[in-house]
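These notes are about the structure you will find just below.
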Amino acid sequence: MLRFWSGAVLRLVAVMLMASFAGAMLMRIAPGFSSDDQELNSGLSTQSLEAIRRAHLSDANVPRFYAQYLASLVRGDLGTSRSLNQPVKDLLRERLPITLVNLAFALAAGWLLGLALAIAAQTWNIPTLSFLANGLSGTFISTPAAALALVFLLLRWPPAFAAALLVFPKIYRYAQNLLQQSSEMPHVLTARAKGAGPWRVLAWHVAPIALPQMIALVGVSISIGIGVLLPIEVVSDVAGIGQLAWHAAQARDLPLLVNLTMVVTFMTVCATLISDVAQRSFVRSDA
Amino acid sequence: MKAVRVVAIAVLALTALTILGAHYLAPAGYEQQFRETPQAAPSIHHLLGTDDLGRDRWARLLYGMRVSLVLAPLAALFTTVLAGVVGGIAGYFGGWTERGCKLLIDLFLSVPWLFLLITVRAVLPLNVSPEASVTVTFALLGLLGWAASARVICAGAKDMMKSEFVWMARASGFSGFKLIRLHLLPNLRGALLAQFWISIPVFIIAEANLGALGLGVAEPLPSLGSLLRELQDAVMLRPEPWRLLPLAVLIVVISSFQVLLNKQEVRT
């Protein structure tokens, strides 16, 4: 167990470091890295313009920037956003909870809707219900997050609902396929033949088989949730980390983007790790 | 459900015909301006009206479908080749090569794909020619979308390397490129084709997301994504609901793809 955890933590740290370094490298090689919109501001003095140029030059050597960044990170300093002129720690403290609340709502609602429809379609076996559920999931799986966010903006509905509707089809489709496969297993057919009711069959015979695989989907759904929240936050003007990442990329704000890449990678890898561990322990206790 | 699949096939066939015949079906070029009738309502001359610059919306929709639905499969082909190369190398060589490739795959999968795509595209310059923007957008889709497919190909190639027919081929003196060409590639064809078909709708939606955020194909060239930018003028959607047609077309086309992929109608 200790070996598993130490390996997992090492992998997490390695992936986070590599992802943030790759993000910094990518931004450095992008055309127009050294230019800044502020240089066009005629109100700025020569000294201010020189300071802006010097700040850009200090970030130009990515390995050196990254080494300095890691040294500061060890001391708990995440650096200062060049474009927003604020400590990155403060920005994350302000914005991260907003994204986390939206993400939690989107995941909870998406899972609830997806699972409820999959269970209902499987248990009652009503063709109209299956058709409607398939149609609904088909529609939302085919809708771009940014376009759905625009429609929600028009309707003045909460943006987190849009994220929930984009997470739901993945859950529904996976759960439906899984429940269908599990329902066709010999012991489930036997239980049905012996007269067990649909809910009893679901709770005692289908769910124990399907649950470990559903747990594995938690990590994937978190990754999907974070992905769809970025365009939704940008379009709906929600002050979360998605909107911050968008701003950082457009303003070529290296310290901010490196930290955001690290945070997002941490969230995704941790979610995958936790769902892996939960799945393993479930399978072990089941055995 | 069979009827739904028939409808999906009919929709895709009709879409393909529309793309091929865009030049004949469109009343004007996608960039041609009717300066005397900007923001015109639908009429016999302009089936979907005209946009703010007086360009025919129906013509732009037809050409936009052509751009998105022709280039997304090209990007899917590129990503499948990339996934095949990385996954194939990892599965074929095993050991440290496999670990290195898997680390690269994990690295790409650790950052949510849409997050990565949008931030990378936002970093790249936007004030480029329409042709360059199309190339950048779809090349980026191909470059960033290979990791999940590579993992599937790697697992397939690894299983195959342990199979009896590969052992027999090795015992018969097959190795290197000959083994890959004659034994691995033909048997991985199914998995590669599946990844190709799965990538197409994903890339069309990704391009639409980029387009709706203003990061996609540059004006005046239309794409399904760039046409969605008209939705930003939200107050105009109620009096001019035909502005929603590109979104409806996108949903119908992608849903048709999903129906076929979901029911494994695609012969892999």
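Couple of notes before you dig in:
- Relative to the dominant Cα principal axis of chain B, helix B:113-123 is inclined by about 60°.
- With Cα atoms, 0 to 90° folded angle of helix A:2-29 axis to chain A main axis: 50
- Axis of helix B:185-212 versus longest Cα principal axis of chain B: the two differ by about 30°, to the nearest ten degrees.
- Peptide B:220-229 shows a mean partner chain C-beta count of 1 within 10 Å per residue C-beta.
- In chain A the Cα-Cα distances spread across 5 Å bins starting at 0 as 1, 5, 10, 12, 13, 13, 12, 10, 8, 6, 4, 3, 2, 1, 1, 0, 0, 0 percent of all pairs.
- Nearest-0.05 FRET efficiency for B:Lys2 and A:Ala196, computed from C-beta distance (R0 22 Å): 0.10
- Alpha-carbon centroid distance for the pair the stretch A:158-229 / the stretch A:252-280, whole angstrom: 25
- Calculated on the alpha-carbon coordinates, the convex hull of the stretch B:121-223 measures out at 116 cubic angstrom per residue.
- Out of every Cα-Cα pair that the stretch A:174-219 contains, those further apart than 15 angstrom amount to 39 percent.
- Compactness index (Cα Rg / 2.2 N^0.38 Å), the stretch A:172-287: 1.52
- Residue order, fewest to most beta carbons within 10 Å, for B:Thr50, A:Thr272, A:Thr190, A:Thr80: A:Thr190, A:Thr80, A:Thr272, B:Thr50
- Legend: calculated FRET efficiency, A:Ser6 to B:Val85, from the Cβ-Cβ distance at R0 = 22 Å, rounded to 0.05, equals 0.10.
- Two-decimal log10 I(q)/I(0) for the protein assembly as shown, as the Debye equation yields it once each C-alpha is a single scatterer, q = 0.06, 0.09 Å⁻¹: -0.34, -0.77
- Nearest-0.05 FRET efficiency for B:His45 and B:Leu103, computed from C-beta distance (R0 56 Å): 0.45
- Simple Cβ-charge dipole of the protein assembly as shown, Lys/Arg +1 and Asp/Glu -1, about Cα centre, in debye nearest 20: 1820
- Neighbouring Cβ atoms from other chains, within 10 Å of the Cβ of residues in A:258-267, number 2 on average.
- Were the residues from A:Arg93 through A:Phe131 laid out at 0.36 nm apart, the gain over their Cα-Cα distance would be 9.3 nm.
- Ratio of the Cα radius of gyration of the stretch A:230-283 to 2.2 N^0.38 Å, where N counts its residues: 1.49
- The distance between label points at A:Ala104 and B:Ala132 comes to 4.6 nm (points 7 Å beyond Cα on the Cα→Cβ vector).
- Inter-label distance, A:Val277 to B:Phe174: 4.5 nm, where each label sits 7 Å from its Cα along the C-beta direction.
- Ordered from longest to shortest, the equivalent ellipsoid semi-axes for chain B are 42, 20, 15 Å, each the square root of 5 times a Cα gyration tensor eigenvalue.
- Relative to its Kirkwood radius, the Cα radius of gyration of the stretch A:90-231 gives an Rg/Rh of 1.06.
- At full extension, B:Ala13 and B:Leu53 could sit 11.2 nm farther apart than now, given 0.36 nm per residue minus the alpha carbon distance.
Bear in mind that the values in this text are calculations on the coordinates, not laboratory data. Source: prediction; values computed, not measured. Methodologically, a virtual Cβ is constructed for each residue, glycine included, from the backbone with ideal geometry; neighbour enumeration extends over all protein chains shown.
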